[in-house]
Amino acid sequence: MDTRIWAKMTTQPLLSVRNLSKFYGGRIGCADVNFDLFPGEVLGIVGESGSGKSTLLSCLAGHLAPDRGEVIFATTEGPRDTVQMGEAARRRLARTDWAYVHQNPRDGLRMGVSAGGNVGERLMAVGARHYGQIRDKAVDWLGRVEIAADRVDDRPSAFSGGMQQRLQIARNLVTGPRLVFMDEPTGGLDVSVQARLLDLLRGLVREMGLSAIIVTHDLAVVRLLADRLMVMKGGYVVEQGLTDQVLDDPQHEYTQLLVSSVLQV
Amino acid sequence: MTDQTAYNFAYLDEQTKRMIRRAILKGVAIPGYQVPFASREMPMPYGWGTGGVQVTAACLVPEDRLKVIDQGADDTTNAVSIRRFFQRTAGVAVTEATAEATVIQTRHRIPETPLTEGQILVYQVPIPEPLRFLEPRETETRKMHELEDYGLMHVKLYEDISRHGQIATAYDYPVKVEGRYVMDPSPIPKFDNPKLAGNAAIQLFGAGREQRIYALPPYSEAISLDFDDYPFAASKADHACDLCAAPDSYLDEVITDDQGSRMFVCSDTDFCASRRKAGHIGPMGTPMAGG
């Protein structure tokens, strides 16, 4: 028996996407996207600028309303279509089971609020009302993303770009989400900081058993983090499969172009 | 009195009052919810109580007895001019005694004397949105109220404690009304917050520039937000009134010369005066006639 079929029979997918489409007027944002994401799996989405990666991610995370299709998430009460559910329920998901890491940490952080307050916000949003415990947890999480505990009362504006991105990750993971959406998490960082961040992310994803969807145009990022890969072009998924398989043996002409465009140092 | 002046009782025209009364009724029906209304220009600048004046005008009837206070005092410019405005435009009786008034317009205080059923307390509100300084987008704050997404409110209190070691918000202290809406009680000192809850009077809040009216019906629940390990505490100057010796009223600190001398006096002038009439004299007070 094929082991992958066996896995599908015993495990419910965490996220099932069916025929998801989003149009901007006559233009295609993304069209007819289908995939299943299983618990603990990391899916990479790559493609050139304008290929619909970010549109797809926004539709999945509920920031944009898709025109067609279903996004079925395995909530604690069973599978639910997040496109159809009410805004209140979707926001509850967004601050408990989901996390969203923005490309620019300034979009995902509250720049006027201290690092501790940023990490604590999600805890307080789900009902934590004990200052000491919130603070302990914030300090613990700052440690996990390699930010010194004495920076807990500093504002993010006093942090470097890499630190801001790590703070954003801590802020998102503090409530123990099951699914993390990441939009170019390493964009705008220099390569040595990128490497540290990727190392950190890989550790956290494995340690917490997170499922993640990572949108990027950096093939090194998906090589390192993603189990499976989806290649998008012009709003359509042109190829998908295991990461190493897609990158080492690209079938579609666009994937071949993409893989061969990477500069070798 | 001609029919025309009777029709225009209390400055505003009847259509405007009707519109404001509808907003007030909606506010009373949904405690703590900010009801938009078409605020009119009033003959005073924004920030001087245009919202409160419109709500008062919409509530007044000829039999009413009006009291106006500003920071607890009956005799400050704002209080005197608004009281005179309604004396001239509505011809209603006025008073300085809290217990005798049927409508009380207030800026920044709740009177010390407990209010009773049948009284209306009208607040002047500069900024009705408790989330304003945390989330500048009005579309987003409205959505947050709609979805009861109030985690951000505690972020502000968290920041207070991490920066000052305690909740440093001393006025404008947010309350959760009837387990639903988080409400800005206008800039009253947090000393007054416990009086918001379970109050026998109708409490109406008018924000003229921001065009919002909200309300607390009598005997509503209003819980001041806090943390389990940093509970809400109503605070006041640790002193008794120097004029009337009241140990439990909210005090103003008054600098009396350039040598650093100071005195603490009740901010509620009516409360202070009636205590002195009743014979309570503080260290710097003098007996008042008519006691």
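The values are calculated or read from the model by the stated rules, or taken from the named source; none is laboratory data. All values derive from a computational prediction rather than experimental measurement. FYI the Cβ positions are ideal-geometry reconstructions off the backbone, even for glycines, and counts take in every protein chain you see. Areas reflect the complete protein model, heavy atoms only, side chains present, ligands, DNA and RNA absent. Shrake-Rupley method; radii C 1.70, N 1.55, O 1.52, S 1.80 Å.
Summary table below
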item	result
HN-Hα J in Hz across the range B:75-91 - Karplus 6.51, -1.76, 1.60, θ = phi - 60°, x for Gly and Pro	10, 8, 3, 4, 5, 5, 6, 5, 4, 5, 4, 7, 4, 7, 8, 10, x
Convex hull (Cα only) mean projected area of the protein assembly as shown, reported in nm² to one decimal	33.9 nm²
Under Karplus coefficients 6.51, -1.76 and 1.60, residue-wise ³J(HN,Hα) of the range A:43-54 in Hz, glycine/proline x	10, x, 10, 10, x, 6, 4, x, 8, x, 4, 5
Karplus (6.51, -1.76, 1.60) ³J(HN,Hα), θ = phi - 60°, over the range A:129-140, in Hz, Gly and Pro reported as x	10, 10, 4, x, 5, 4, 5, 4, 5, 4, 5, 4
Förster radius 30 Å - calculated FRET efficiency between B:L25 and B:D248, Cβ distance, rounded to 0.05	0.25
Whole-Å distance, taken between Cα centres, linking the range A:190-265 and the range A:37-89	19 Å
Surface/4 of the Cα convex hull for the range A:128-232, nm²	7.3 nm²
Net lengthening on full extension, B:E41/B:A168 (0.36 nm per residue, minus Cα-Cα)	42.2 nm
Along principal axes, Cα extents of the range B:1-121, largest first, whole Å	37, 35, 30
Out-of-range pairs (alpha-carbon distance over 32 Å; input A:K53/B:K176; A:K137/A:K233; B:K156/B:K236; B:K17/B:K236)	A:K53/B:K176; A:K137/A:K233; B:K17/B:K236
Computed over the range B:1-109: relative contact order in percent, which uses C-alpha pairs under 8 Å that are six or more apart	28 percent
Length added when fully stretched, A:N19-A:D150, from 0.36 nm per residue minus Cα-Cα	42.3 nm
Value of relative contact order over the range B:206-291, rounded to a whole percent, pairs C-alpha under 8 Å and six or more apart	22 percent
Normalised alpha carbon radius of gyration of the range B:78-126 [divisor 2.2 N^0.38 Å]	1.14
A:N34 versus B:R209: modelled label distance in nm, points set 7 Å from Cα along the beta carbon direction	5.9 nm
Percent of Cα pairs exceeding the 18 Å cut-off, where the set is the range B:134-291	68 percent
In nm, spacing of pseudo-spin labels at A:D107 and A:E70 (7 Å Cα→C-beta vector)	2.9 nm
Amide hydrogen neighbours beyond the local backbone of B:R65, cut-off 5 Å, H modeled	B:T102, B:V103
Cβ-placed point charges (K, R +1; D, E -1), dipole of the protein assembly as shown about Cα centre in debye, nearest 20	740 debye
Sites A:H63 and A:S260 - FRET efficiency at Förster radius 25 Å, r taken between beta-carbons, to 0.05	0.15
Calculated FRET value between B:I255 and B:S81, using beta carbons and R₀ = 25 Å, to 0.05	0.45
Value of relative contact order over the range A:53-194, rounded to a whole percent, pairs C-alpha under 8 Å and six or more apart	31 percent
The range A:91-175 - Rg over Rh from alpha carbon coordinates, Kirkwood radius	0.93
Percent accessible area from carbon and sulfur atoms, the range A:193-265, protein chains only, probe 1.4 Å	52 percent
Rounded D (µm²/s) - the range B:157-214, Kirkwood Rh over Cα pairs, Stokes-Einstein at 20 °C, 1.002 mPa s	166 µm²/s
Whole-number Å³ per residue for the convex hull built on Cα positions in the range B:217-291	151 Å³
Translational D in µm²/s for chain A (Stokes-Einstein at 20 °C, 1.002 mPa s, Kirkwood Rh from C-alpha pairs)	112 µm²/s
Environment charge at A:L258 (Cβ cut-off 14 Å; Lys +1, Arg +1, Asp -1, Glu -1)	-3
Mean-position separation - Cα centroids, the range B:1-77 and the range B:103-176, in angstrom	21 Å
Residues with amide H under 5 Å from that of B:V35, placed H, sequence gap 5 or more	B:I213, B:Y214
In the range B:139-226, chymotrypsin sites (Phe, Trp or Tyr not before Pro) in a DSSP loop with at most 16 other beta-carbon atoms within 10 Å	B:Y219
Per-residue [θ]222 nm for chain A (sum of -39500 (n - 2.57) over DSSP H runs n ≥ 4, rounded to 500)	-12000 deg cm²/dmol
Kirkwood Rh, angstrom, chain B [1 / mean 1/r, Cα pairs]	20.0 Å
Rounded to 10°, Cα long-axis angle of helix A:191-208 versus longest principal axis of chain A	90 degrees
